[in-house]
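**Student:** Got a structure for you, written out below as structure tokens; questions coming shortly.
The values are calculated or read from the model by the stated rules, or taken from the named source; none is laboratory data. Predicted model only: the values in this text are computed from it and were never measured. Cβ coordinates were reconstructed from backbone atoms using ideal geometry, including for glycine residues, and neighbour counts include every protein chain displayed. Note: accessible area is taken over every heavy atom of the protein model, side chains too, but ligands, DNA and RNA are not part of it. Shrake-Rupley method; radii C 1.70, N 1.55, O 1.52, S 1.80 Å.
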Amino acid sequence: MKSETGFDPDLFNRFPTQGDRPEGEEEGLKRVWCAPKGWEYLTVVNNNYVGIYYLGTAFLFFLLAGVLGLLMRVQLAAPLMNVLPQATYNQVFTMHGTVMMFLFAVPMVEAAGVLLLPQMLAARDLPFPRLSAYAFWAYAVGGLAFFGSLFIGLAPDGGWFMYPPLTSKAYSPGINTDFWLLGIGFIEISAIAGAVEIIVGVLRTRAPGMSLDKMPIFAWAMLVFAVMIVIAFPSVILATLLLEIERAFNWPFFDATRGGDPVLWQHLFWFFGHPEVYIIFLPAAGMMSMIIPTVARAELVGYRLIVLAMIATGFISFGVWAHHMFATGLPPMTAGFFSAASMAVSLPAGIQVFSWIATFAVGKPRFNTPGLFAMGSVVIFVTGGLTGVMVALVPFDWQAHDTYFIVAHLHYVLIGGMVFPLFAAMYYWIPMVSRRPLSERWGRWVFGLMFGGMNIAFMPMHLSGLMGMPRRIYTYLPGSGWDTLNLISTLGAFMLAAGVLLFLIDMARNFRLAPEEGEAGNVFGAGTLEWLPTGLYSTRSIPVVKSREPLWDDPNISEDVERGRYFLPRTATGRRETIVTSPLLAEPQYVQIMPGPSVWPFAAALFTAGFFLALTVQAYLFALVSGVLGILAVLCWLADTDLPVPENDVDIGAGIRVPTYVTGPQSHGWWAMMILIVVMGMIFAMALFSLAFLWGNQPSFWTAPPPMLEALPIALGYLAVIAAAWGTRELHRIGKSWAILPALAGAIVAPALLWLDIGAWSAVTAPDAGGQGAAVFALFSLQGMVAAIAVLMALYLGWRQLRRVVTARRNNTLDLTCLFIAYTGAQGLVGTLFARSIGA
Amino acid sequence: MKTWAILLGGLLVWTTHFFGLYAIAEIAPSRWITVLLTVPCLGVDAFLLLRGRRLEVRDTFAGWRRSIALGGVALSLVAVCWQALPPWFAGTE
Ligand code: HEM
Ligand SMILES: [Cu+2]
């Protein structure tokens, strides 16, 4: 491939430019990217700050959930202990698991992405800084409120996967379960917002010349991670929504006596839940693949294989969810190939492990703290992987299911696959943000305590599990032979905790945040771009990338970058900006103007959290007010984006000129909207699956749907909505001032069509009549939600039109609104036809 | 688009096969329908393998793309065969 966009790659040879840059350029950058003061810390959107907030909060949740783990270990240290009463124990293990998985592991790696990716790709920031800020605040506020439920004794207690019927209204009447359903549903939305940011960031804001084959492994990992979030999380969002609706309005999705099916929950949950494991593991593996070459002082062995392994993991991990359901009595054929795929998915993980071992073997490894944690991680993770292959064997799993063997397995995988890499990463990257690195001498102690403690705590659990100790029990009788093993486990857990405590003390001693400059710097001698000297604006100029380890291959690069001899050595338009490049070969395409600090993402997060919290405690008026304020805050945040700037194109260095604005499929906004549509589409697809699943498993509850032929006008109506959206784009292109009218009409017609459909179905069944009615009306609820968003977007577009900021060249808002309205039509069409065809 | 299709081709075949198997097992479990699904998938993989081997390697990017593509197809071949075995042995006629 010579060129992707028509850009002449020979132009890259103009860099580094010679001589000194004019005075005042660096000051200009500093002024535009200035540091916050006082209250402004709540309004920052720059990834340097948001990333740190995010990491700190996620680590706080690790500590909180860790304390809960210790409490459980104290309770289980000996038989018949009385530290946590039974009901409290149920809340504690549920919160421990939930917080670790949803509030620590996923946000932690997402935070690492927000902090590290722009540095590694030499972008000034991620493409939607306000979205990152929103994702962070939503998560922080929502997460703390969720955790708070523990202190008022209202924490959820159904286990981290919340199976109905235990979690149905009949068996869990309190609002504990609602805290989980609404809290987690909400936090997943924030994870998806972060994923959008990461996908577009990795594919569109890489330094010029950084083609896909030169991309750092961590960026690959984050790309696969984010795509997996977009595919997997909608499933759990839908599941929480359905269960909450069942509890609040008595629509029996999961009630087997009324045509629902509790196994449906398991499918929806694990279609998310298993990929979740890899969602956690992949970024950590990506960090390992960055750290190990530096520690071993050798190039990573098998870069191509690792990239392949990551992509393959992304795919195959979606084909294994039912291995969590072997004990539900799956058809033998299904159990068979899910078992096969579960074994196959360990291949790609194996490839990565062998690459790391090989890199250690060919290099001259240093046994510094990141190196120790990396090696420890491999040992622990491989142990967990082996027990994983064991439980992928169906007959073995029938024995080990719901015992402490599983608790041992999952902690080996999670601690080896995520916690140890994370500690390696913290030791490795802290010099990038702190004035001082952490102490190496203490680091060895931290490692020793954590590694020893981990094994002492969890190794015996394999045995107690095989000896029959069930998980999720608050105590046990003496004489069952589990006493000694449990005592050892408890001692190990405290040893592990001592390691973490030592780490915290060392952080307090040595960690001094240096966002502007004065970081300790490249103390380990790494070769990737995040180790270039940076300020709040990231690098002074954005280098041309010619290899995978530019700092190793070009000894002058830091100096040249610092003196502004590469791309964008100044602010070209006097605003925050970064270069948007093409997805495959990273050829410069345009300069993106980025929004600056704003209080609105913070406000929007506060109100959305308020909305969900109010729903949980059934304060519906408060929820309504909060929801409306949330929407207003989002509109305010959007109002000063996508605005015209005077320059149509600018010089980004060495006489290369690019536009400051593009529209259509090239633009980063279009990409984000497409991803959002995929998310919506996945939620809807899982709802369609639910309907079909209930029909397949509960056919005796089915009533004949309304005739297909009656849906014809509705279907035609939806086609007209799609056509209207498309028409608006075309009319705008040829310069008609009234172009937005068809789209507005389409947005208004869509809810009317839905109304017709609901009318037809109401004659046949009702949402609380049985599984079928519930599932069909769930489709309608989703359609209603999408249609309402489309109306809002159309009104917003109309308002912008009145303000005259939709011009011939600057029409992204118009494009995106049309895309979404077209999607609304398409989803409505599919839903109408599908609902009537199931069981017809 | 073309590059993504080259990079992900093999794995997309795997995806089709896997969810096809799932549908067969849920709707009409039968080992012969399984064969009917598996053989074309293997055929597509074989075709991709041959096409992939002929891909250009003019520069580092093209070479990289070719090896990812071939690796993905090889993995897909193995995984498709592997996951078709249990349905064959456990499937009903
Ligand atoms: C300080 C280290 C840790 C200790 C002492 C610990 C302890 C425990 C114990 C004793 C249980 C079993 C509770 C029961 O079945 O009765 C458990 C469950 C669990 N742990 Fe940990 N854990 C630790 C770290 C982690 C980490 C780092 C993660 C994830 C990143 C994690 C995720 C989970 C999950 C998902 C469960 C299952 C909860 C459930 O059954 O619903 N744990 N932990
Ligand atoms: Cu799994």
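**Student:** I'm checking my understanding of the structure. Among residues of the range B:1-23 that are of a type in the set (Val, Ile, Thr) and open to solvent by less than 20 Å² (accessible area, probe 1.4 Å), which one is nearest to the other protein chains (Cβ to nearest Cβ)?
**Tutor:** Looking at residues that are of a type in the set (Val, Ile, Thr) and open to solvent by less than 20 Å² (accessible area, probe 1.4 Å), I get B:Thr3.
**Student:** Let me ask another. If you check B:Gly52 against the conditions, is it more than 11 Å from chain A (Cβ to nearest Cβ), touching a Lys or Arg at 6+ places or on another chain (Cβ under 9 Å) and either at pLDDT 95 or above or buried (at least 19 other Cβ atoms within 10 Å of the Cβ) (or both)?
**Tutor:** yes
**Student:** Let me ask something else. Does at least one position in the range A:242-256 carry a residue that is within 14 Å of chain B (Cβ to nearest Cβ), surrounded by fewer than 24 Cβ atoms within 10 Å (Cβ to Cβ) and farther than 26 Å from A:Leu613 by Cα?
**Tutor:** No: the range A:242-256 contains no residue that is within 14 Å of chain B (Cβ to nearest Cβ), surrounded by fewer than 24 Cβ atoms within 10 Å (Cβ to Cβ) and farther than 26 Å from A:Leu613 by Cα.
**Student:** Turning to a different aspect of this structure: For the range A:295-329, how many residues are within 14 Å of ligand 2 (Cβ to nearest atom) and not in a helix (DSSP H, G or I)?
**Tutor:** Qualifying residue count, the range A:295-329: 2.
**Student:** Let me ask something additional. Looking only at residues in the range B:4-44 that are among the aromatic types (Phe, Trp, Tyr) and within 14 Å of the chain's Cα centre (by Cα), which one is farthest from B:Leu75 (Cα to Cα)?
**Tutor:** This residue is B:Phe19.
**Student:** Checking the conditions here, which among A:Asp506, A:Asp560, A:Asp554 is free of Cβ contacts under 8 Å to residues at least 24 places away in the same chain and either open to solvent by less than 10 Å² (accessible area, probe 1.4 Å) or within 19 Å of A:Leu121 (Cβ to Cβ) (or both)?
**Tutor:** So the residue among A:Asp506, A:Asp560, A:Asp554 that is free of Cβ contacts under 8 Å to residues at least 24 places away in the same chain and either open to solvent by less than 10 Å² (accessible area, probe 1.4 Å) or within 19 Å of A:Leu121 (Cβ to Cβ) (or both) is A:Asp554.
Results for (1) in a loop (DSSP other than H, G, I, E, B); (2) hydrophobic (A, V, I, L, M, F, W, C); (3) in the same structural domain as A:Ile415 (by TED's automatic domain parsing); (4) at pLDDT 90 or above, shown as yes or no for each residue.
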site: A:Gly499; (1), (2), (3), (4): no, no, yes, yes
site: A:Phe503; (1), (2), (3), (4): no, yes, yes, yes
site: A:Asp506; (1), (2), (3), (4): no, no, yes, yes
site: A:Pro515; (1), (2), (3), (4): yes, no, no, no
site: A:Gly521; (1), (2), (3), (4): yes, no, no, no
site: A:Gly525; (1), (2), (3), (4): yes, no, no, no
site: A:Lys546; (1), (2), (3), (4): yes, no, no, yes
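**Student:** Hey, does the range A:282-292 have a residue that's within 11 Å of chain B (Cβ to nearest Cβ) and open to solvent by less than 20 Å² (accessible area, probe 1.4 Å)?
**Tutor:** No.
**Student:** Out of (1) basic (Lys, Arg); (2) over 30 Å from A:Pro533 (Cβ atoms); (3) without any contact (Cβ under 8 Å) to a residue 60 or more places away in the chain, what's the single condition that is false for A:Arg31?
**Tutor:** Single failed check for A:Arg31: (2).
**Student:** Can we say A:Gly97 is farther than 20 Å from A:Ala138 by Cβ, surrounded by 15 or more Cβ atoms within 10 Å (Cβ to Cβ) and within 16 Å of ligand 2 (Cβ to nearest atom)?
**Tutor:** Answer is yes for this residue.
**Student:** Filter the range A:396-409 down to the residues that are modelled with pLDDT of 95 or more and not hydroxyl-bearing (Ser, Thr, Tyr) and list them by number.
**Tutor:** If the condition is that a residue be modelled with pLDDT of 95 or more and not hydroxyl-bearing (Ser, Thr, Tyr), then A:Phe405, A:Ile406, A:Val407, A:Ala408, A:His409 are the ones that fit.
**Student:** Taking interchain pairs and intrachain pairs at least six residues apart, which have beta carbon atoms under 9 angstrom, with the first residue in the range A:401-419 and in contact (Cβ under 8 Å) with a residue 60 or more places away in the chain and β-branched (Val, Ile, Thr) and the second away from ligand 2 (no atom under 14 Å from the Cβ) and part of a strand (DSSP E or B)?
**Tutor:** Pairs found: A:Thr403/A:Pro470.
**Student:** Then there is this: Here are the criteria: (1) modelled with pLDDT of 85 or more; (2) farther than 15 Å from A:Asp397 by Cβ. Tell me which single one A:Val345 does not satisfy.
**Tutor:** With (1) modelled with pLDDT of 85 or more; (2) farther than 15 Å from A:Asp397 by Cβ applied to A:Val345, the lone miss is (1).
**Student:** Sticking with this one: Do we have any residue at all in the range A:271-286 that's within 16 Å of ligand 1 (Cβ to nearest atom), in the same structural domain as A:Leu243 (by TED's automatic domain parsing), modelled with pLDDT of 90 or more and of a type in the set (Ser, Thr, Tyr)?
**Tutor:** Yes.
**Student:** So how many residues does the range B:74-93 have that are touching a Lys or Arg at 6+ places or on another chain (Cβ under 9 Å) and either open to solvent by 40 Å² or more (accessible area, probe 1.4 Å) or more than 23 Å from B:Ile24 (Cβ to Cβ) (or both)?
**Tutor:** Qualifying residue count, the range B:74-93: 5.
**Student:** Confirm whether A:Leu719 is open to solvent by 80 Å² or more (accessible area, probe 1.4 Å) and either in contact (Cβ under 8 Å) with a residue 60 or more places away in the chain or in the same structural domain as A:Asp815 (by TED's automatic domain parsing) (or both).
**Tutor:** Criteria met by A:Leu719.
**Student:** For the range A:51-66, check the following and say yes or no: at least one residue is away from ligand 1 (no atom under 14 Å from the Cβ), surrounded by 24 or more Cβ atoms within 10 Å (Cβ to Cβ) and of a type in the set (Ser, Thr, Tyr).
**Tutor:** Among the residues of the range A:51-66, at least one is away from ligand 1 (no atom under 14 Å from the Cβ), surrounded by 24 or more Cβ atoms within 10 Å (Cβ to Cβ) and of a type in the set (Ser, Thr, Tyr), which makes the answer yes.
**Student:** Please find, within the range A:11-25, the residue that is farthest from the chain's Cα centre (by Cα) out of those that are over 15 Å from A:Phe567 (Cβ atoms) and open to solvent by less than 90 Å² (accessible area, probe 1.4 Å).
**Tutor:** A:Gly19
**Student:** Next question. Give all pairs with beta carbons closer than 6 Å in which a residue from the range A:316-343 that is open to solvent by 10 Å² or more (accessible area, probe 1.4 Å) meets a residue that is among the polar types (S, T, N, Q) and away from ligand 1 (no atom under 16 Å from the Cβ); count only pairs at least 6 apart in sequence or on separate chains.
**Tutor:** A:His323/A:Ser342
**Student:** Of B:Ser30, B:Ser76, which residue is more than 19 Å from A:Pro348 (Cβ to Cβ), more than 7 Å from chain A (Cβ to nearest Cβ) and polar (S, T, N, Q)?
**Tutor:** So the residue among B:Ser30, B:Ser76 that is more than 19 Å from A:Pro348 (Cβ to Cβ), more than 7 Å from chain A (Cβ to nearest Cβ) and polar (S, T, N, Q) is B:Ser30.
**Student:** In addition: What do you reckon, is A:Tyr171 open to solvent by 10 Å² or more (accessible area, probe 1.4 Å) and within 16 Å of ligand 2 (Cβ to nearest atom)?
**Tutor:** So A:Tyr171 does not fit the description; no.
**Student:** For the range A:464-477: of the residues being more than 9 Å from ligand 1 (Cβ to nearest atom) and of a type in the set (A, V, I, L, M, F, W, C), which is surrounded by the fewest Cβ atoms within 10 Å (Cβ to Cβ)?
**Tutor:** Checking each candidate, the answer is A:Leu477.
**Student:** In the range A:225-239, which residues are within 21 Å of A:Ile306 (Cβ to Cβ) and buried (at least 24 other Cβ atoms within 10 Å of the Cβ)?
**Tutor:** Those that are within 21 Å of A:Ile306 (Cβ to Cβ) and buried (at least 24 other Cβ atoms within 10 Å of the Cβ): A:Phe225, A:Ala226, A:Ile229.
Yes/no matrix, rows are residues, columns are (1) within 19 Å of A:Gly416 (Cα to Cα); (2) within 12 Å of another protein chain (Cβ to nearest Cβ):
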{"position": "A:Thr313", "(1), (2)": "yes, yes"}
{"position": "A:Phe318", "(1), (2)": "no, yes"}
{"position": "A:Phe326", "(1), (2)": "no, no"}
{"position": "A:Ala341", "(1), (2)": "no, yes"}
{"position": "A:Leu347", "(1), (2)": "yes, yes"}
{"position": "A:Phe360", "(1), (2)": "yes, no"}
{"position": "A:Pro365", "(1), (2)": "no, no"}
{"position": "A:Leu372", "(1), (2)": "yes, no"}
{"position": "A:Asp397", "(1), (2)": "no, no"}
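**Student:** If you go through the range A:444-463 one residue at a time, do you hit one that is surrounded by fewer than 16 Cβ atoms within 10 Å (Cβ to Cβ), more than 11 Å from ligand 1 (Cβ to nearest atom), assigned by TED's automatic domain parsing to the domain that holds A:Gly56 and among the charged types (D, E, K, R)?
**Tutor:** yes
**Student:** Another one. Filter the range B:79-93 down to the residues that are more than 9 Å from chain A (Cβ to nearest Cβ) and modelled with pLDDT of 90 or more and list them by number.
**Tutor:** Selection gives B:Val80, B:Cys81.
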